[in-house]
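Below you'll find the structure, written out as structure tokens, and then a few comments.
The values are calculated or read from the model by the stated rules, or taken from the named source; none is laboratory data. Just so it is clear, the structure is predicted and the values come from calculations on it, not from any experiment. So basically every Cβ, Gly included, is an ideal-geometry build from the backbone, and we count neighbours across all protein chains shown.
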Amino acid sequence: MIDETALGYVAHYRSPLLWANFTYPQLAEVPHAALRIFKNEQNHIKEMRNMDNKRELYKRIKELDPKGEIVKIDLSKQNIEYNEEIIKLHREITDLTNEEIVRAYLVLKLIKKLGYSKKHCIELEKEYTMGRDPSKGARVDIFLTKDGKPFAMFELKSPEEYEIEMDNAIKNQLFEVAEKADARHHTLKYLIYYTAYISDDGEITEKIVTIDYKKYKTYEDWEDASKPNLMAIPKDYGIVKKPVFVKKGKPDLRTDVTKDELDRIRWNIHNILWAGGKYHIELFFNLMGILLAKICDEKETEDGKAYQFQIFYKDGEPEGPEEVAERINKLYKKALKEYLGYSEEELKKVRDIVFDAPKVKYVVEILQGISLITNTVSGRLTDGHSQFYREYL
């Protein structure tokens, strides 16, 4: 039995913002009964959110495949069936998990919208043996081929797992498997990490990390290049063109950034910028300069114009770190003048952001597609933003 005192604690501790600020010692002081009730409530909320997302994605799937000719789904039984005349399956797939509904939507998008309609050019669950032990294998969620040769590999996650699993999935489930998958033909072009969900405005939001495997053969190569992300899926075996973010345009900055995503960004920034353990104070103030530049860009960019805090491409090649750093420093000094009242004379004395240029580019790469000033989840500033700003501002 749970007494009224415990329920009173639940009422007090129910606020997500409050919980986001707790440290582990503080959590130890919360009565166990209240903690248990709170966790049960949060699990129930998560289950309801996942079910809502399934229902909404199911509606989009029915719009793409109204007769179930490619994918048949029974929501009541949580079952799924792919048409093996069109899609090549390497194992039986029947359970409609949170990740599976994402795969079903992407499979239909690839066929119906992106031009991959040729029989068996889409393969699911293709398996590769990893290492010397034949019992240890890795499966590819979606394997896209052209004339039977590898073109793109997809690793999919449910929305709630996407941010938490990102680095591990890209390193171990894409790059490591890609080496095996491309060993014979050397035709693999793209590695893609993907999820999809219905945002608060009722539209489908996709999170996409697209890596040019022709340029970056290992995770370390990609990391050293500041983890360039093309952020799109190629159409009909074409070349991916990274989208340009435009204020009040398409695409604009995402405004539904979760705490998990901000935690991942914060951790990555920390690992890259503070590697080596030197010059902490200088690094801190320069990071504040970059964040100030980002905020200035969001506020001052005119509607219909491209944001400047992003990576631009020319002829399929990303701009260099020095070019990015120069543009960010201009934004930084504009912010000092607009928001902190610096005079022209004072600006002349301000040093540039002194991270090396590749690190500036890295921060821009991972922050370019999200908003730091208008992000909302269900109409409120996310818990993650509070922690993000406490850590850095």
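The residue that is surrounded by the most Cβ atoms within 10 Å (Cβ to Cβ), among those in the range 299-320 that are small (Gly, Ala, Ser) and modelled with pLDDT of 95 or more, is 306. Taken over the range 307-320, the criterion of being farther than 16 Å from residue 368 by Cβ and in contact with a helix residue (DSSP H, G or I) (Cβ under 7 Å, 6 or more places away or on another chain) is satisfied by no residue. Residues of the range 178-193 that are surrounded by fewer than 17 Cβ atoms within 10 Å (Cβ to Cβ) and not polar (S, T, N, Q): 179, 180, 183, 184, 185, 186. A single member of 282, 323 is modelled with pLDDT of 90 or more, out of contact with any helix residue (DSSP H, G or I) (no Cβ under 7 Å at 6 or more places or on another chain) and more than 29 Å from residue 160 (Cα to Cα), and it is 323.
You will find that of 93, 101, 170, 61, the residue that is part of a loop (DSSP other than H, G, I, E, B), touching a Leu at 6+ places or on another chain (Cβ under 9 Å) and either under 28 Å from residue 48 (Cβ atoms) or among the aliphatic types (A, V, I, L, M) (or both) is 93 and no other. The set of residues in the range 194-241 that are among the β-branched types (Val, Ile, Thr), under 14 Å from residue 151 (Cβ atoms) and surrounded by 13 or more Cβ atoms within 10 Å (Cβ to Cβ) comprises 210, 211, 233, 240. Checked against (1) closer than 20 Å to residue 372 by Cβ; (2) acidic (Asp, Glu); (3) touching a strand residue (DSSP E or B) at 6+ places or on another chain (Cβ under 8 Å), residue 212 meets all criteria but (1). Quick check: anything in the range 187-203 assigned to a helix (DSSP H, G or I), within 17 Å of residue 122 (Cβ to Cβ) and not β-branched (Val, Ile, Thr)? Scanning the range 187-203 turns up no residue that is assigned to a helix (DSSP H, G or I), within 17 Å of residue 122 (Cβ to Cβ) and not β-branched (Val, Ile, Thr). Can you name the residue in the range 253-275 that is part of a helix (DSSP H, G or I) and β-branched (Val, Ile, Thr) and is also farthest from the chain's Cα centre (by Cα) among such residues? Residue satisfying both the conditions and the ranking: 272. Scanning the range 127-149 for residues that are within 24 Å of the chain's Cα centre (by Cα) and either among the aliphatic types (A, V, I, L, M) or crowded, with 20+ Cβ neighbours inside 10 Å (or both) yields 138, 140, 141, 142, 143, 144. Would you check which residues across the range 117-171 are touching a Cys at 6+ places or on another chain (Cβ under 9 Å) and over 24 Å from residue 218 (Cβ atoms) and list them? Residues satisfying the conditions are 147, 148. Selection over the range 219-232 of residues that are out of contact with any Ser or Thr (no Cβ under 7 Å at 6 or more places or on another chain) and of a type outside the set (Phe, Trp, Tyr) gives a count of 8.
The condition of being part of a helix (DSSP H, G or I) and touching a residue at least 12 places away in the same chain (Cβ under 8 Å) holds for only one of 323, 302, 338, 345, that being 338. Residue check: is residue 175 in a helix (DSSP H, G or I) and crowded, with 20+ Cβ neighbours inside 10 Å? Spelling it out, residue 175 is indeed in a helix (DSSP H, G or I) and crowded, with 20+ Cβ neighbours inside 10 Å. Quick check: is even one residue across the range 277-292 among the hydroxyl-bearing types (Ser, Thr, Tyr) and in a helix (DSSP H, G or I)? Scanning the range 277-292, I find no residue that is among the hydroxyl-bearing types (Ser, Thr, Tyr) and in a helix (DSSP H, G or I), so the answer is no.
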